[in-house]
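Scroll down for the structure; my scribbles are underneath it.
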Amino acid sequence: MVLSRVVLMILSANVYHTFIVIEILLNRSIAWYPKRLTKTINAIHSYLLIGAFVFLTHLSIQTIMMNAFMQWFLRFLVSLLAIIVYPITYLINLRRNRKCPPPTNPILFKSATTLAMMIRNKQITSEEVVTAYIERCKEVNPYLNAIVEPRYDIAIREAKSIDKMICSNDRSNETLEKEFPLLGVPLTVKESIAVEGMSNDSGTVYHYRKPATKDAEIVRLAKAAGAIPIAVTNAPQLCMNWETYNNVTGLTMNPYDQKRTAGGSSGGESVLIAAAASVIGVGSDIAGSLRLPPMFNGIFGHKPTPRLLSSEGHVPDCLDPDFDEFFTLGPITRYAEDLTLLLKVLRKPHGPEVPLEKPVDLTRLKFYYMDGDGGYVLNKIGPDVRKAMDKAKAHINSTYNLDVQKLHIKNIHHMWEISVRVLFKIKHVQNIYTDPKERENLISMWPEVLKKLFGMSNHNLTCVAYGPVKKFFDSLPEGYYNKLVKTLDEIKRDIYRALSDNAVLFFPTYPDPAHLHYRVFYKFLDCGYLTIFNALGLPSTNCPLGLTDKGLPVGMQIVANRCNDHLTIAVAKEFEKAFGGWVPPNKESFDGVKTA
């Protein structure tokens, strides 16, 4: 049994590695290797795999810690890919050295909450605000490649209409704030979320354009509150990657360093907000997409309590009624106070009872931390993340005289395996193999797999791989799945009891700051830092904690019990006040711009 599992993992790793190299080379044709170097690298790769096979097969016979061994071995096989991917990604990123210009317009340094107040008070017009953000979009998008389709002309017309309404209406500012809390404020939207008339293909190549025929529910609510969409932003195909690129719009760059990833899948949304080309936006999350891109770009992203916001109007969608227990839409902002504002606007009328307006006394909270899940699949957090988390813990201790205690949860080290298995158990997620006539059925997968292997597919690797991987998990014994679910229920019980309604948990968002483009292909296992909270159904806020010595954003997740979103956001506001929150990209060329 052990030997067969080891052999299967080695074979799977070789197939996976082949696909990855093809994907990177096809996405960046300038990456070129002399034949001698290619042969040498392939030979090293083969020898390492053979050596690993012999050594670990012998080791597996003697060890009694099979779970730990298999976890470690999985990480080892995936990390072997770095031998090839590391030099390729270094070469293809050499020319990406242009710096995204820092913002200079003072309007761009105000929160959405402040801008809405100023527009209501006639201190500034909506047209001025929308125009400032449109100009900023035009300035930075050549550096970032984040915008799929702009909505500039319509947005300016809508802003002018709002300004006329404000000038001619006799309602009080309090009434306007209650009816239109986002009055005249620009908004950007991830392309996978429908905005009427805008692209809604979610990064998929089609022979014809398929604009959204109506707004997604959260876009409708945002518009009803007075927000003005100005653009839809880039995402990986069908949101199935932690790197934002597709075969339609291309690769999105990080505003702090073009060589580095924006994260995914809400990467386009996050880089625009981080570059001050948008002030608020909405994205989606089933495996960390509202937290990883905000962490890599130094802003706030919040994965809400399940079912707090409607997922209607998202591509891909799903027929499984349990989908919304793991998948959610949510806000991405530059300023923490705007998280509360957006959640109040976007929440479903009859969703979970989350007291977003309830005051939070931090002195009465319990604070916990974890450095990871304690398993062997995930890489340990690096020095930059550890330093940032230590800084956060020290602030709570020195400011409120409260200890941040380490949280111990039984069996938490199984959460990587559990979360992957639970997420792949979801049925009928829209994907490239979905039969358009019968959503419950799939078309044949192997023609597309072969096309990808020979570089002839219009689809990205993760979308091609989704079908076979899903089929593999579906073929596993049901008893195995039931055992994982039972363990998950025990972990949920223990963590819910520990957090109750008066505690928050500090947890890494990712082991390190943003890495070079495409390196996620041998780092993707580390997204288990994120998927754990999708499986547990807990709200989580990515909170920026400053920049590293290399000028890259770093942050952590703040997690609370279900329906306690207000606690995570309150702590995020505290850290924003203490450490400064968002820092403009390339601030070394930030020459005394007035921000207040």
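The values are calculated or read from the model by the stated rules, or taken from the named source; none is laboratory data. It should be emphasised that the depicted structure is a prediction, and the values quoted were computed from it without experimental measurement. Here Cβ is always computed from backbone atoms with ideal geometry, including for glycine, and neighbour counts include all displayed protein chains. Heads up: the accessible areas ignore ligands, DNA and RNA and are worked out on the full protein's heavy atoms, side chains in. Shrake-Rupley method; radii C 1.70, N 1.55, O 1.52, S 1.80 Å.
Per-residue extension of 0.36 nm, minus the Cα-Cα distance of Arg171 and Glu438, leaves a gain of 91.0 nm for this segment. Since only Trp242, Ala222, Ser284 are under comparison, the one whose Cα sits farthest along the positive direction of the charge dipole of the stretch 207-300, derived from C-beta charges on Lys, Arg, Asp and Glu, is Ala222. Here the stretch 287-355 and the stretch 230-269 have alpha carbon centers that stand 18 Å from each other. Computed about its Cα centre, the charge dipole of the stretch 450-596 is approximately 460 debye, with only Lys, Arg, Asp and Glu carrying charge at their Cβ. Among Pro306, Leu552, Leu341, which residue has its Cα positioned farthest towards the positive end of the charge dipole of the chain, with +1 placed on the Cβ of Lys and Arg, -1 on the Cβ of Asp and Glu, and the dipole taken about the Cα centre? The Cα lying farthest towards the positive end belongs to Leu552. Separation of the stretch 425-493 and the stretch 397-421, taken as the distance between their Cα centroids, equals 30 angstrom. Each principal axis of the Cα atoms in the stretch 189-251 has its own extent, and those three values, largest first, are 34, 26, 17 angstrom.
Per atom type, the chain shows carbon and sulfur on 56% of its accessible surface, probed at 1.4 Å. Determine the alpha carbon to alpha carbon distance for each of Lys138/Lys223; Lys210/Lys348; Lys391/Lys550; Lys214/Lys451; Lys138/Lys178; Lys210/Lys470 and list only those over 29 Å. As for pairs spanning more than 29 Å Cα to Cα, those are Lys214/Lys451; Lys138/Lys178.
Using a probe of 1.4 angstrom and keeping all protein chains present, the accessible surface of the stretch 362-439 works out to 51 square angstrom per residue. Rounded to the nearest 20 debye, the dipole size of the stretch 393-456 about its Cα centre is 100 debye, using +1 on the Cβ of Lys and Arg and -1 on the Cβ of Asp and Glu. Taking the dipole about the Cα centre of the stretch 373-494, with the C-beta of Lys and Arg at +1 and of Asp and Glu at -1, give me whichever of Thr462, Ser398, Thr487 is farthest to the positive side. Positive-end residue among those listed: Ser398. Using only the Cα atoms of the chain, build the gyration tensor, take square roots of its eigenvalues as a ≥ b ≥ c, and label the shape rounded, prolate or oblate: rounded if a/c is under 1.5, else prolate if a/b is larger than b/c, else oblate. Since a/c reaches 1.5 and a/b is larger than b/c, the shape of the chain is classed as prolate.
About the centre of its Cα atoms, the chain shows a dipole size close to 1260 debye [charges on the beta carbon of Lys, Arg (+1) and Asp, Glu (-1) only; nearest 20 debye].
Each residue of the stretch 472-484 is assigned a 3J(HN,Hα), and the resulting list reads 4, 5, 5, 7, 6, x, 5, x, 4, 5, 4, 5, 5 Hz, derived from the Karplus form 6.51 cos²θ - 1.76 cosθ + 1.60 (θ = phi - 60°), x at Gly and Pro. The lysines whose alpha-carbon is closer than 25 Å to the alpha-carbon of Lys410, local same-chain residues fewer than 8 away aside, are Lys303, Lys366, Lys380, Lys393, Lys425, Lys483, Lys486, Lys492.
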